[in-house]
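Single-structure report; data block below.
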Amino acid sequence: MNRYFPLDEYRIRWERLLAEMKRRGFETAVVFGRGGGTTDNCGDVLYLSNQYSISGGMDSLIWTARSFAGVILQTGRDPQLHIDEPEVRRDLVSIEDVRSSNHPFESVARSLVERGVSGRVALVGTNLIPVKYYRQLEATAPDIEWVPVDDLVRSVRRIKSTRELDAYRTAGETATAGMTVLMESLVSGMSEREAAGECAREVVRRGGRVQMIGTNHGDTLGFDQRFPLTGYSDDVPAVGDVVTGTLHGPLFQGYYLDPGRTAVRGHANADQRRLIEAAGDLVHRLTDMLRPGARLLDVAAEGDRLTAAFGGSISPIMKNFPFYGHGIGLGFELPRISTSMSLPDDVVEQNMVFGIEAFLSLDGVGAAFFEDIVIVGQDGNEVLTKSPSLF
């Protein structure tokens, strides 16, 4: 095995993060992430070190904080990585100075004490660090003031590098193939779980990882998935049913995509076709607006206008996801595209990657979901998820 990204890519990332730390008034930062089967919380550590901790599980007599890893970044020093595993994968990990420990939070704190660090230290990961492990930091390094700065690394990795965009293009090919197989299987008469199995086979065959395959139809169509525990049920859509499908996962080198489509098993009637086409059209229109310099509040306002013009009803999934898209990278990211969640200074920039999505519902007809993943370019946007709009 070899690293996908060369070491110079990681050095650029470290330099950018150190510059951002300086801008915010920090000389030292600690970044925690969690692997162990999760994806959303592994991104910051993966971005800096290419470390993914595989072991999950609860605390025991010999270890705590299983699946967590931490990176120390300090002005004038190379990064230091603390892992919960006894040996480091030198063929994969980008950081030279690696400390193995059964107690990674205590290990990080001890290292800072040994360096003589005190006062304000930026702490990334407070949205996922359990209280018991935070107390280990406090007890081991009592002279440190831990300052929550959860967006520190995300602010740096928001704009993707050329190499990252190439990784995304590979992931997009897998997403397109998997999504197309999923929808073709759903409309062919397979059960939801059989269709999900065909999708998963295609994704894994291409080297991707499945986080979730969601399907729905029938009387639960307004919800995200028919059976939330797995994402799919053993039910078979009937002829004439509206069916929805979505594929979530780190499909290449940890880069996440979550496309979605809606179709009808059999011949779509006029109302079903209007619903499905409107959801796709809304996404295409907002994608066209997503140009460098555009304010996300303006894009979201157009989404609200188009939704209101369509009419229809408000489904549970629309209430659960009151936005038209989100940044996406090594997991779901900010900013959101929403009149209630976007900030006034959220502006589109070149080489950002977004998921653009729409949820529409029509009483007596059903609900539709459509999502594409898009790279924002200077001269035009690049759609990565190229499955058909209609099946």
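In a reduced charge model with +1 at each Lys and Arg Cβ and -1 at each Asp and Glu Cβ, segment 109-250 shows a dipole moment near 800 debye about its Cα centre. Computed about its Cα centre, the charge dipole of segment 290-386 is approximately 180 debye, with only Lys, Arg, Asp and Glu carrying charge at their Cβ. Put simply, the Cα atoms of segment 207-353 extend 46, 40, 23 Å along their principal axes, the longest span coming first.
The alpha-carbon of residue 22 sits under 16 angstrom from the alpha-carbon of none of the lysines, leaving out residues fewer than 8 places away in its chain. Could you work out which residue, out of 83, 337, 314, moves most in a Gaussian network model of the chain, that is, has the largest mean-square fluctuation with Cα springs under 10 Å? So, out of 83, 337, 314, the one fluctuating most is 314.
Candidate cross-link partners of residue 132 among the aspartates and glutamates, defined by an alpha-carbon separation under 19 Å and a same-chain spacing of 8 or more, comprise 59, 84, 106, 143, 145, 150. Remark: segment 86-97, residue by residue, has Karplus-estimated 3J(HN,Hα) of x, 9, 9, 7, 5, 6, 10, 6, 8, 9, 6, 8 Hz, where x stands for each Gly or Pro and the curve is 6.51 cos²θ - 1.76 cosθ + 1.60 at θ = phi - 60°. Once both axes come from the Cα atoms, what is the angle between helix 7-24 and the longest principal axis of the chain, in degrees from 0 to 90, rounded to 10? Once rounded, the angle reads 80 degrees.
At a probe radius of 1.4 angstrom, the accessible area of segment 107-206 per residue rounds to 44 square angstrom.
If you take all other residues with their beta carbon under 9 Å from the beta carbon of residue 332, and give Lys and Arg +1 and Asp and Glu -1, the sum is -3.
Farthest toward the positive end of the dipole of segment 103-204, out of 125, 113, 189, is the Cα of 113, where the dipole comes from beta carbon charges about the Cα centre. Dipole size of the chain about its Cα centre, with +1 on Lys/Arg Cβ and -1 on Asp/Glu Cβ: approximately 580 debye, rounded to the nearest 20. Here the gap between residue 206 and residue 321, fully extended at 0.36 nm per residue and compared with their Cα-Cα distance, gives a gain of 38.4 nm. Computed from Cα atoms, the angle from the helix 270-289 axis to the main principal axis of the chain rounds to 40 degrees. The angle between the Cα long axis of helix 131-140 and the main principal axis of the chain comes to about 20°, on a 0 to 90 degree scale.
What number comes out for accessible area per residue over segment 242-351 if the probe is 1.4 Å? Units Å², please. Each step should come with its number before you reach the end.
Details: 4380 Å² over 110 residues.
Heavy-atom SASA per residue in segment 242-351 reads 40 Å².
Placing a label point 7 Å from the Cα of residue 285 along the Cα-to-Cβ direction, the residues of segment 298-321 whose backbone N falls under 19 Å from that point are 298-315, 318. Once the 1.4 Å probe is applied to the protein heavy atoms, segment 2-71 comes out at 45 Å² accessible per residue. Here the accessible area of the chain is 50 percent carbon and sulfur, with a 1.4 angstrom probe and all protein chains present.
The values are calculated or read from the model by the stated rules, or taken from the named source; none is laboratory data. The structure displayed is predicted, hence computed values, not measured ones. Note that each Cβ is placed from the backbone with ideal geometry, even for glycine, and that neighbours are counted across all protein chains shown. Just the protein is used for accessible areas: all its heavy atoms, side chains included, with ligands, DNA and RNA removed. Shrake-Rupley method; radii C 1.70, N 1.55, O 1.52, S 1.80 Å.
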